[in-house]
1. Under 6 Å between Cβ atoms, which residue pairs at least 6 apart in sequence (or on different chains) link something in the stretch 53-75 that is in contact (Cβ under 8 Å) with a residue 12 or more places away in the chain with a partner that is in a loop (DSSP other than H, G, I, E, B)?
2. Condition test on H56, is it at pLDDT 95 or above, more than 19 Å from D122 (Cβ to Cβ) and not in a helix (DSSP H, G or I)?
3. With the condition kept exactly as written, say whether any residue in the stretch 18-30 is in a helix (DSSP H, G or I) and of a type in the set (S, T, N, Q).
4. Within the stretch 106-138, can you find the residues that are in a loop (DSSP other than H, G, I, E, B), at pLDDT 95 or above and on the phi < 0 side of the Ramachandran plot?
5. For the stretch 38-68, how many residues meet the condition of being within 15 Å of the chain's Cα centre (by Cα), surrounded by fewer than 15 Cβ atoms within 10 Å (Cβ to Cβ) and aliphatic (A, V, I, L, M)?
6. Looking at the stretch 27-36, is at least one residue exposed (fewer than 15 other Cβ atoms within 10 Å of the Cβ) and either of a type in the set (S, T, N, Q) or at pLDDT 95 or above (or both)?
Amino acid sequence: MYLDTSVAVKLFIPEPDSTECELIVGGAGFISSDLLYGEMQAAALGKARGGHLDVHSAERAFERFEAALAEGNIHLIELDGLLVREAAEVMRQVYPLPLRPLDAIHLATYLSVDAGPLFTRDRRMREAAAKLGIPLAG
């Protein structure tokens, strides 16, 4: 299964629908883009800035994410220029949907691997994925 940041964060930082996401993922490993590494750090720090987590809890959440990476439970697909160009093509294909560049990179990354369904909680990504014929989880 391919997870974007909107779901992966919920596996490491408690949110209202974290339990539901954990059940759908089922404790299995997942695939994502290298983007996820920076996006997870940004999400953890953002939760701390917003007062949803203290700084130490945010650091522990990111450490749990890094541990899952080290254990091989998360496989990140390396970004390269080809994926960035394919993301631009994805944005063209889903036009007039307003797809953000990082979301387009996630979709291009998904399309570059055999990952099973895409699991996202992001409405725009779900709409774009449906337009591209990408199977969705959850």
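1. Once the first residue is in contact (Cβ under 8 Å) with a residue 12 or more places away in the chain and sits in the stretch 53-75, its partners that are in a loop (DSSP other than H, G, I, E, B) give A61/I13; N73/G29.
2. no
3. yes
4. Once the filter is applied, which keeps residues that are in a loop (DSSP other than H, G, I, E, B), at pLDDT 95 or above and on the phi < 0 side of the Ramachandran plot, the stretch 106-138 yields S112, V113, P117, T120, R121, D122, I134, P135, A137.
5. So the count comes out to 1.
6. No; the residues of the stretch 27-36 include none that is exposed (fewer than 15 other Cβ atoms within 10 Å of the Cβ) and either of a type in the set (S, T, N, Q) or at pLDDT 95 or above (or both).
Let's see how each residue does on (1) hydrophobic (A, V, I, L, M, F, W, C); (2) within 21 Å of L107 (Cα to Cα):
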residue	(1), (2)
F12	yes, no
D17	no, no
E22	no, no
G51	no, no
S57	no, no
E63	no, no
L69	yes, yes
G72	no, no
H75	no, yes
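The values are calculated or read from the model by the stated rules, or taken from the named source; none is laboratory data. Predicted model, so just to flag it, every value in this text is computed and none were measured. Ideal geometry is used to build each Cβ from the backbone, glycine not excepted, and the neighbour counts take in all protein chains shown.
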